[in-house]
């Protein structure tokens, strides 16, 4: 059989799939970081009266949400070493994606919490719960449900944004694809193949979130 | 036992001294003093915007009054705007049950868990023990069969009864009712009032903000008429048959013969 236009793709498929795993790894690690940071910052931004906490959290959101991911990545990877802070490329990519996404997640968290009727907090507090207990046991348990759909968006954006870490010499899906193109000059086919693999990843992610959402729905939570 | 007899024997359950509360520049409450003895049922009536709910919400510090003091079970919870330390306040709140106009049941929890969550998380009970307690409280208000339902599946009257059970499952010594029948369809009002009457008969100390004059007449030991401050107080007999204050007279007229 003659070599078809897709030959470089088939030949490189093993490498592509292997490095898709790197994409998955960095995304999952970044997602965990993003959710932790987002939760803390989102709660910190609930009460402007606590000036220091609110100020720090708001500055974080201002910077990480307000500047390009690519610029942030380069700052962390190429310019932090000037201050003798050298992080491995993978760690850099993971932290940066996590912090960038965390700024969006914090707003999702804050919005979801603030959408819960204040009466829920009052009922919990008047029962004798501390603010922390009421937040954890009553408010967040309900708010999580409202976070899932926008978190799905954020998770998918994170998977796609992770393509940028290929610029930090990390051998992810995008990086591997570009290596194949450099050898074969078949950019259309290879980029289409890469797009397809990303599409599979994002589809799996959104389906997983749909399942989680279904599980979380109880009792038709509408008053 | 009448209210005056109790006064001579026991310490007050709740005592309010010279209370004042403003929202911004609006002075909602001023010069309020009130003593509630154990097992006493105090009903607060008055036109809307007269500060009834605010006064009630001050009693468990959902609102913080800037002036005066509130003492519950011999413990000062707030004095001139200064609150009891957070931990002690939370501990004291366990003794003060609150029933809201809009129920405020925990929407993500079943009826059983709504009642059991407090005992479990705050009174350190095991799940089994807390659920047993919850079941007994729910049986008492006639909702034993609905333990697995979620709040969204209940009628307004059922929701409010669950809210009462939820409050009682704590070590409640005073119950505060903030217009508990306000959001209910007329035919559901009775079932909630019945539960409240039974509670009063058992000797629960209650402060009730309501427009249900029938309930006030039948159950109250004392009726307070409010309009920014307590303008008149007395037995239901005194207030309803022989109101002294002109403001009370016009309010009672408007509410007893609407239109």
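Values quoted throughout were computed directly from the atomic coordinates according to the rules given, and no laboratory measurement underlies them. On a predicted model such as this, the values are computed, not experimentally measured, just so you know. When we count neighbours, we look across all protein chains shown, and the Cβ atoms used for this are built from the backbone with ideal geometry, even at glycine.
Descriptive notes on the structure:
- The ranking of B:251, B:23 from fewest to most other beta carbons within 10 Å of each one's beta carbon is B:23, B:251.
- Computed from Cα atoms, the angle from the helix A:118-127 axis to the main principal axis of chain A rounds to 60 degrees.
- Based on Cα atoms of the range A:1-50, Rg over Rh with Rh as the Kirkwood radius reads 1.48.
- Packing-based exposure ordering (other Cβ within 10 Å, fewest first) of B:187, B:212: B:187, B:212
- Spatial separation of Cα centroids for the range B:168-209 and the range B:88-130, in angstrom: 16 Å
- Given R0 = 35 Å, the distance between the Cβ atoms of residue A:185 and residue A:25 translates into a calculated FRET efficiency of 0.75.
- Of A:127, A:147, the sequence from fewest to most neighbouring Cβ atoms within 10 angstrom is A:147, A:127.
- Translational diffusion of the range A:95-145 was estimated from the Stokes-Einstein equation, with Rh taken as the Kirkwood radius over Cα pairs; at 25 °C and 0.890 mPa s the coefficient is 207 µm²/s.
- Additional length obtainable on full extension of the chain from residue A:117 to residue A:63, 0.36 nm per residue less Cα span: 16.4 nm
- Between helix B:127-140 and chain B: long-axis angle, C-alpha atoms, 0 to 90°, nearest 10: 50 degrees
- Residues residue A:50 and residue A:70, FRET efficiency given R0 of 45 Å [Cβ-Cβ distance, rounded to 0.05]: 0.85
- Under a Gaussian network description of chain A, with springs only between Cα atoms under 10 Å, the residue in A:11, A:82, A:120 that fluctuates furthest is A:82.
- At R0 = 22 Å, FRET efficiency that the Cβ-Cβ distance of residue B:149 and residue A:217 yields, to 0.05: 0.90
- When DSSP beta bridges are restricted to pairs lying wholly in chain B, around 55% turn out antiparallel.
- Share, in percent, of DSSP beta bridges within the protein assembly as shown that are antiparallel, nearest 5: 55 percent
- Centre separation in Å (Cα based) which lies between the range A:14-61 and the range A:155-223: 18 Å
- Cα-Cα separations in the protein assembly as shown greater than 35 Å, expressed as whole percent: 49 percent
- Rounded to 10°, Cα long-axis angle of helix A:141-161 versus longest principal axis of chain A: 20 degrees
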